[in-house]
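Asks: Let me begin by handing over the structure; questions about it come next.
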């Protein structure tokens with residue numbers, strides 16, 4: 001008999017899992033750089049901003065320039081709406097969320113900051129999630145486990161009752177630090193047993209480990 005506790009919550013990362021946001025991120029941060037006459041991002045910077053908070057990303061891409069503080073203030077008051085059109089919802093996401101919603105708690109743990117609400121509203125996803133934790137909702141963003149702990153506390157469950165679906169090394173480290181099961185999405189290079197390359201595969205993985 002399996003004595004493992006039933007999974008009660010599925011936690012999703014946003015960028016790279018729920019949305020293909022690579023082009024949106026490139027356009028957003030390159031706009032900031034162009035605004036201050038700074039050269040556009042190279043591939044290393046693109047990879048960095050895809051995984052890290054906006055605050056850390058701006059510091060990184062403006063390193064060595066006198067514009068960091070100004071750029072931080074500018075990106076906080078920018079209208080993100082024009083960049084949302086460049087974000088592509090992951091095929092099958094809404095279908096999977098619709099199946100999970102009646103059975104488990106649903107949450108988002110993301111290093112996005114003040115843009116996450118607009119991003120979720122774009123494809124009418126807000127109503128699926130019981131709690132959304134952004135980098136503005138914690139003192140220590142990912143890979144610190146605070147965002148996951150906040151979600152576990154919200155649902156009043158232990159780490160063995162949740163799974164985190166992410167696509168980056170930062171997500172993997174976050175899950176391990178929080179003690180929750182991790183599913184690598186769309187990234188076969190992460191050193192973890194559970195992997196899915198589509199929402200259909202994710203549904204099967206969840207069924208296997210969780211009887212969802």
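Asks: Using only Cα atoms, find the angle between the long axis of helix 199-210 and the longest principal axis of the chain, and express it within 0 to 90 degrees, rounded to the nearest 10.
Replies: 50
Asks: For 36, 80, 185, what ranking results if the residue with the fewest other Cβ atoms within 10 Å of its Cβ goes first?
Replies: So the residues, fewest neighbours to most, are 36, 80, 185.
Asks: Between residue 160 and residue 201, how many nm apart are label points set 7 Å from Cα along the C-beta direction?
Replies: 2.9
Asks: Between residue 60 and residue 123, with labels modelled 7 Å along Cα→Cβ, what's the label distance in nm to one decimal, could you check?
Replies: Between residue 60 and residue 123, the label points sit 2.3 nm apart.
Asks: Principal axis lengths of the stretch 22-84 from Cα atoms, whole Å, largest first?
Replies: Ordered largest first, the stretch 22-84 gives principal extents of 28, 26, 20 Å.
Asks: If one takes the longest principal axis of the Cα atoms in the chain, at what angle in degrees, from 0 to 90 and to the nearest 10, does the Cα axis of helix 68-77 lie?
Replies: 60
Asks: How far is it, in nm, from the label point at residue 99 to the one at residue 27 when both lie 7 Å from their Cα along the line to the Cβ?
Replies: Spacing of the two 7 Å Cα→Cβ label points: 3.1 nm.
Asks: What do you get for Rg/Rh of the stretch 55-98 when both radii come from the Cα atoms and Rh is the Kirkwood radius?
Replies: Numbers: Rg = 15.9 Å, Rh = 13.1 Å.
Rg divided by Rh gives 1.22.
Asks: If I stretch the segment between residue 40 and residue 78 completely, what's the gain in nm (0.36 nm per residue apart, minus their alpha carbon distance), one decimal?
Replies: Details: separation 38, 0.36 × 38 = 13.68 nm, distance 1.83 nm.
Contour length minus the Cα-Cα distance gives 11.8 nm.
Asks: While we're here: Along each principal axis of its Cα atoms, how long is the stretch 56-131 end to end? Whole angstroms, biggest number first, please.
Replies: Cα extents, longest axis first: 51, 22, 19 Å.
Asks: Next question. As a test, work out the antiparallel percent of DSSP beta bridges whose residues both lie in the chain, rounded to the nearest 5. Write out the running numbers ahead of the final one.
Replies: On the way: 2 of 20 bridges.
Beta bridges within the chain, antiparallel portion: roughly 10 percent.
Asks: Here's another thing I want to ask about it. Over the chain, with a Gaussian network built from C-alpha contacts below 10 Å, which listed residue (27, 52, 111) shows the highest mean-square fluctuation?
Replies: Top of the fluctuation ranking is 27.
Asks: Once a ≥ b ≥ c are taken as the square roots of the eigenvalues of the Cα gyration tensor of the chain, is the result rounded (a/c under 1.5), prolate (a/b larger than b/c) or oblate (a/b not larger than b/c)?
Replies: The shape class here is prolate.
Since every read-out is calculated from the coordinates, none of them should be taken as a lab result. What you are looking at is a predicted structure, and each value in this text was computed from that prediction instead of being measured. Because the Cβ atoms are built from the backbone with ideal geometry, glycine has one as well, and the counts that use them run over all protein chains shown.
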